[in-house]
Number of protein chains: 2
Amino acid sequence: MGRRNQHSREQQRDMAIAAAELILVREGFGGLSMRKVADAIGYTVGQLYLIFQNQDDLLATINERTTDAIYGHLRDRSEAIDEPLARLRALAAAYIEFAQRHPHRFRMLFEHQLPPAMEPRVSGELRIKRMFELVESNLAPLLPGAPPARLRQTAATLWGGVHGIAALAVSGKFKWAGNRDFERYSDELVSTFAAGLAAG
Amino acid sequence: MGRRNQHSREQQRDMAIAAAELILVREGFGGLSMRKVADAIGYTVGQLYLIFQNQDDLLATINERTTDAIYGHLRDRSEAIDEPLARLRALAAAYIEFAQRHPHRFRMLFEHQLPPAMEPRVSGELRIKRMFELVESNLAPLLPGAPPARLRQTAATLWGGVHGIAALAVSGKFKWAGNRDFERYSDELVSTFAAGLAAG
DNA sequence: CCGTGAAAACGGACAACGTTCAGAACAGCG
DNA sequence: CGCTGTTCTGAACGTTGTCCGTTTTCACGG
């Protein structure tokens, strides 16, 4: 038809992303289909494929936004805190909080995988890296004089651990523990780990 | 037709599970369809629905078997070790090893969720619980005189952490760390965490 | 050996999915 | 008005989970 609506390609893209995120939040990863997104923005499926390469492209785009959202949330929750250990605890708690508040977005970020045929997204990997660097910089004061390689490894260890608590919380496999206050676990993990660093 | 083949219902069930696990290992979670399973065992899809309630039922069954396999692997790798801390390290390393050796089975265990309409599987939850208790019992010597609630909480914290490293390893989001030897992370986590417990 | 009824298995149907693409419908220009 | 090129549609294809009417086969009674 040629520009039947008033929306530029860029606008269509934004609308599609917003609609997809709404569907994701409401119905979860599995309920997010290209057809539903197309219906929600008033276009047909075919048009979506002129905006996104395929469904994986759309999902990866949403995942990049989720990573940004987590990063922003971590910054917000930690910037007002001075003491490094308290900051790490706040970062961990914020991570858990995000996962519990946006379980579907969190899950899709880690469960969706690009098919091997598609080339990896550098922008997405950089965002993950940036998030880990936030931990790394806050961990540095606890390991004075440690070489960068050691610092990176320890940050990855600690943050992998925090991620595990969030992942289990969101997967529903943590029910047996009976405790729904998952910040307790992250608090204990960060505190005990830090104590171990200080002792070692 | 009435028993055209020689296979009892129980046998068909076993065949279907074995076939499904093979497909899962070869093609991943997303490539596992009811039709492929039916083809693989020489029956039609309809017949599969007389054996399993639906696809979720089949997947949950496989997940219970995966949990058993992890449990067995953890036992094998830890039973010959006397020292409690070394045992914990071995348990963590075994967990990581299983995740890396069977990424698709590991992922499905934590990524598949029963639809809310289906009643939760007590047998599956008990298996997860049993796995955590293995950690708990090996953690006890490090926390002499700790009340059971504290012990459970600490075991959950530590094992959540180990799980996070395995989950990140398997999700492919850990590439930035550059290190493919994930046991280093679990070793550091367990050792530092234990040092923190001893210090506190 | 044949007939019958119940159990077992098939196979086609349905809706929804991702993806593609020929052609229709429009905007702007001359 | 008519032409041109972009934009968009709508139908199609193959695959998925799930259901159910139909057919086939077996075990048993006569």
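The values are calculated or read from the model by the stated rules, or taken from the named source; none is laboratory data. Keep in mind it's a predicted model, so treat the numbers as computed, not measured. When we count neighbours, we look across all protein chains shown, and the Cβ atoms used for this are built from the backbone with ideal geometry, even at glycine. Ligands, DNA and RNA are excluded from the accessible area calculation, which covers all protein heavy atoms including side chains. Shrake-Rupley method; radii C 1.70, N 1.55, O 1.52, S 1.80 Å.
Taking the options B:Val170, B:Val122, B:Val162, name whichever one is touching a residue at least 24 places away in the same chain (Cβ under 8 Å), more than 9 Å from chain A (Cβ to nearest Cβ) and under 17 Å from the mean Cα position of the chain (by Cα).
Sole residue among the options that is touching a residue at least 24 places away in the same chain (Cβ under 8 Å), more than 9 Å from chain A (Cβ to nearest Cβ) and under 17 Å from the mean Cα position of the chain (by Cα): B:Val170.
List the number of the failed condition for A:Ala86; all other conditions in (1) among the aliphatic types (A, V, I, L, M); (2) surrounded by 15 or more Cβ atoms within 10 Å (Cβ to Cβ); (3) assigned by TED's automatic domain parsing to the domain that holds A:Leu168 hold.
Result: A:Ala86 fails condition (2) only.
How many residues, within the stretch A:1-26, are in contact (Cβ under 8 Å) with a residue 12 or more places away in the chain, assigned to a helix (DSSP H, G or I) and exposed (fewer than 14 other Cβ atoms within 10 Å of the Cβ)?
Total satisfying the criteria: 2.
If B:Ala69 satisfies all but one of (1) open to solvent by 40 Å² or more (accessible area, probe 1.4 Å); (2) part of a helix (DSSP H, G or I), what's the number of the condition it fails?
Result: B:Ala69 passes all but (1).
Mind checking which pairs have a first residue in the stretch A:39-53 that is closer than 14 Å to A:Ser8 by Cα and a second that is open to solvent by less than 50 Å² (accessible area, probe 1.4 Å) and near DNA strand D (Cβ under 8 Å from one of its atoms), Cβ under 8 Å, 6 or more apart or different chains?
As it stands, the answer is A:Ile41/A:Gln12; A:Gly42/A:Asn5; A:Tyr43/A:Asn5; A:Tyr43/A:Gln12; A:Gln47/A:Gln12; A:Gln47/A:Ala38; A:Leu48/A:Ala38; A:Ile51/A:Gln12, since those pairs meet every condition given.
Restricting the search to the stretch A:27-53, which residues are more than 13 Å from DNA strand D (Cβ to nearest atom) and within 14 Å of chain B (Cβ to nearest Cβ)?
If the condition is that a residue be more than 13 Å from DNA strand D (Cβ to nearest atom) and within 14 Å of chain B (Cβ to nearest Cβ), then A:Glu27, A:Gly28, A:Phe29, A:Gly31 are the ones that fit.
With respect to the numbered conditions (1) farther than 23 Å from A:Ser186 by Cβ; (2) crowded, with 16+ Cβ neighbours inside 10 Å; (3) at pLDDT 95 or above, which one is the sole condition not fulfilled by B:Arg101?
(2)
Within the set of pairs 6+ apart or on separate chains, which have a first residue in the stretch A:180-196 that is more than 9 Å from chain B (Cβ to nearest Cβ), a second that is part of a helix (DSSP H, G or I) and open to solvent by less than 40 Å² (accessible area, probe 1.4 Å), and C-beta atoms under 6 Å apart?
Final answer for the pair search is A:Glu183/A:Ala93; A:Glu183/A:Ile96; A:Val190/A:Leu88; A:Val190/A:Ala92.
Find the residue count for the stretch B:133-155, including only residues that are closer than 28 Å to B:Leu58 by Cα and facing chain A (nearest Cβ under 7 Å).
Result for the stretch B:133-155: 0.
What are the residues in the stretch B:148-159 that are touching a helix residue (DSSP H, G or I) at 6+ places or on another chain (Cβ under 7 Å), among the aliphatic types (A, V, I, L, M) and free of Cβ contacts under 8 Å to residues at least 60 places away in the same chain, if any?
Of everything in the stretch B:148-159, those that are touching a helix residue (DSSP H, G or I) at 6+ places or on another chain (Cβ under 7 Å), among the aliphatic types (A, V, I, L, M) and free of Cβ contacts under 8 Å to residues at least 60 places away in the same chain turn out to be B:Leu151, B:Ala155, B:Ala156.
Give the residue, chosen from A:Arg89, A:Arg35, that is more than 10 Å from DNA strand C (Cβ to nearest atom) and among the basic types (Lys, Arg).
Within the list A:Arg89, A:Arg35, the selection yields A:Arg89.
State all residues of the stretch B:72-83 that are open to solvent by 40 Å² or more (accessible area, probe 1.4 Å) and either within 16 Å of DNA strand C (Cβ to nearest atom) or assigned to a helix (DSSP H, G or I) (or both); if no residue qualifies, say none.
Those that are open to solvent by 40 Å² or more (accessible area, probe 1.4 Å) and either within 16 Å of DNA strand C (Cβ to nearest atom) or assigned to a helix (DSSP H, G or I) (or both): B:Arg75, B:Asp76, B:Arg77.
Given the conditions (1) within 14 Å of the chain's Cα centre (by Cα); (2) surrounded by 15 or more Cβ atoms within 10 Å (Cβ to Cβ), which single one is not true for B:Leu58?
So B:Leu58 meets the others, but not (1).
Taking the criterion of being within 8 Å of DNA strand C (Cβ to nearest atom) and either out of contact with any Gly (no Cβ under 6 Å at 6 or more places or on another chain) or at pLDDT 95 or above (or both), would at least one residue in the stretch A:8-30 satisfy it?
Within the stretch A:8-30, not a single residue is within 8 Å of DNA strand C (Cβ to nearest atom) and either out of contact with any Gly (no Cβ under 6 Å at 6 or more places or on another chain) or at pLDDT 95 or above (or both).
Applying the selection to the stretch B:107-116, what residues are in a helix (DSSP H, G or I) and within 10 Å of chain A (Cβ to nearest Cβ)?
B:Arg107, B:Leu109, B:Phe110, B:Glu111
Residue by residue, here is whether (1) assigned to a helix (DSSP H, G or I); (2) in contact (Cβ under 8 Å) with a residue 60 or more places away in the chain; (3) surrounded by fewer than 16 Cβ atoms within 10 Å (Cβ to Cβ) holds:
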site: A:Ala90; (1), (2), (3): yes, no, no
site: A:Arg105; (1), (2), (3): yes, yes, no
site: A:Leu126; (1), (2), (3): yes, no, yes
site: A:Leu139; (1), (2), (3): yes, no, no
site: A:Ala146; (1), (2), (3): no, no, yes
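Would you call A:Tyr43 more than 30 Å from A:Leu158 (Cβ to Cβ) and either surrounded by 15 or more Cβ atoms within 10 Å (Cβ to Cβ) or within 16 Å of DNA strand C (Cβ to nearest atom) (or both)?
When the stated conditions are applied, A:Tyr43 passes them.
Can you confirm whether the stretch B:62-72 contains a residue that is within 16 Å of DNA strand D (Cβ to nearest atom) and not assigned by TED's automatic domain parsing to the domain that holds B:Ala19?
Yes, some residue in the stretch B:62-72 is within 16 Å of DNA strand D (Cβ to nearest atom) and not assigned by TED's automatic domain parsing to the domain that holds B:Ala19.
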